[in-house]
1. Considering only segment 50-64, state which residues are open to solvent by 50 Å² or more (accessible area, probe 1.4 Å) and either closer than 29 Å to F114 by Cα or within 14 Å of the chain's Cα centre (by Cα) (or both).
2. For segment 19-35, name all the residues that are touching a helix residue (DSSP H, G or I) at 6+ places or on another chain (Cβ under 7 Å) and at pLDDT 90 or above.
3. Conditions first: (1) in contact with a helix residue (DSSP H, G or I) (Cβ under 7 Å, 6 or more places away or on another chain); (2) over 24 Å from R14 (Cβ atoms); (3) hydrophobic (A, V, I, L, M, F, W, C); (4) without any contact (Cβ under 8 Å) to a residue 24 or more places away in the chain. V41 passes all but one, so which condition is the exception?
4. Considering each of L130, L67 in turn, give the residue that is open to solvent by 80 Å² or more (accessible area, probe 1.4 Å) and within 18 Å of L5 (Cα to Cα).
5. Give the residues of segment 106-120 that are part of a helix (DSSP H, G or I), over 12 Å from N22 (Cβ atoms) and in contact with a helix residue (DSSP H, G or I) (Cβ under 9 Å, 6 or more places away or on another chain), sorted by residue number.
6. Tell me which residues, restricted to segment 24-47, are of a type in the set (A, V, I, L, M, F, W, C), open to solvent by 20 Å² or more (accessible area, probe 1.4 Å) and in contact with a Phe, Trp or Tyr (Cβ under 7 Å, 6 or more places away or on another chain).
7. What number of residues in segment 87-105 are part of a helix (DSSP H, G or I) and of a type in the set (K, R)?
Amino acid sequence: MKRVLFFLGQLNDRDVEWMIQNGQKIELKTGDKLIQKGNYVDNLYILLSGQLSIFSDETENEEIATLGAGEIVGEMSFLESRPPSVSVISKKSAVVYKISRNVIEARLSSNPDFKANFYYSLALFLSNRLRKTTDQLGYGVPEEEDLIDTKVLDVVSQAGARFGQILNRFSEVKFSVNY
């Protein structure tokens with residue numbers, strides 16, 4: 001869950017409200033494909049509840065990772081405009097927030113503050129994901145995995161509240177984050 005905090009913590013309340021107004025909730029059943037390897041991704045996704053599995057092969061025999069609430073999906077294809085090298089499939093029933101690439105790009109081109117905050121948020125998110133992967137491969141310092149930079153820590157509470165806003169808007173189950 002902390003990963004979404006890296007993302008939402010750098011956006012302001014107005015930007016989060018804009019995202020809520022311009023995105024939508026989708027519900028996935030077990031086995032539904034959210035992202036197909038090799039097919040372009042037209043949306044950015046935030047997993048609100050449930051679990052997603054990441055697979056690198058077409059046969060879906062070898063799961064690379066399991067994602068839980070608060071994970072962002074589709075961000076690499078958003079940044080690189082390349083098709084994904086993995087498939088993302090619902091491991092359990094899941095609720096996902098999605099926002100269209102076209103809608104985000106329109107906002108990025110018309111709002112320089114949002115653009116700066118959005119890309120900085122993605123950079124922090126991806127940096128954290130890379131650190132975790134490096135640690136899992138045995139090259140990092142595992143006890144540092146849960147440390148958060150003090151600049152990011154200052155906005156964690158706000159980010160938790162923002163994630164709660166998204167969950168409350170798109171879920172039947174009310175959610176609160178206390179930090």
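The values are calculated or read from the model by the stated rules, or taken from the named source; none is laboratory data. A quick note: this is a predicted structure, and the numbers were derived from the prediction, not measured. Neighbour counts run over all protein chains shown; Cβ positions are idealised from the backbone, glycine included. For the accessible areas, the whole protein counts, side chains as well, though only heavy atoms, and no ligand, DNA or RNA atoms are used. Shrake-Rupley method; radii C 1.70, N 1.55, O 1.52, S 1.80 Å.
1. Listed by number, the list holds a single entry, Q51.
2. Going through segment 19-35, the residues touching a helix residue (DSSP H, G or I) at 6+ places or on another chain (Cβ under 7 Å) turn out to be 20, 22, 25.
Once the filter is applied, which keeps residues that are touching a helix residue (DSSP H, G or I) at 6+ places or on another chain (Cβ under 7 Å) and at pLDDT 90 or above, segment 19-35 yields N22, K25.
3. Every listed condition holds for V41 apart from (4).
4. Working: L67 fails: open to solvent by 80 Å² or more (accessible area, probe 1.4 Å).
From the options L130, L67, the qualifying one is L130.
5. At the first step, the residues of segment 106-120 found to be part of a helix (DSSP H, G or I) are 106-110, 112-120.
Filter again for over 12 Å from N22 (Cβ atoms), leaving 108-110, 112-113, 115-120.
L108, S109, D113, K115, N117, F118, Y119 - these are the residues of segment 106-120 that are part of a helix (DSSP H, G or I), over 12 Å from N22 (Cβ atoms) and in contact with a helix residue (DSSP H, G or I) (Cβ under 9 Å, 6 or more places away or on another chain).
6. Of everything in segment 24-47, just one residue is of a type in the set (A, V, I, L, M, F, W, C), open to solvent by 20 Å² or more (accessible area, probe 1.4 Å) and in contact with a Phe, Trp or Tyr (Cβ under 7 Å, 6 or more places away or on another chain), namely L34.
7. To start, the set of residues in segment 87-105 that are part of a helix (DSSP H, G or I) comprises 101-105.
Those left that are additionally of a type in the set (K, R): 101.
Number satisfying all stated conditions: 1.
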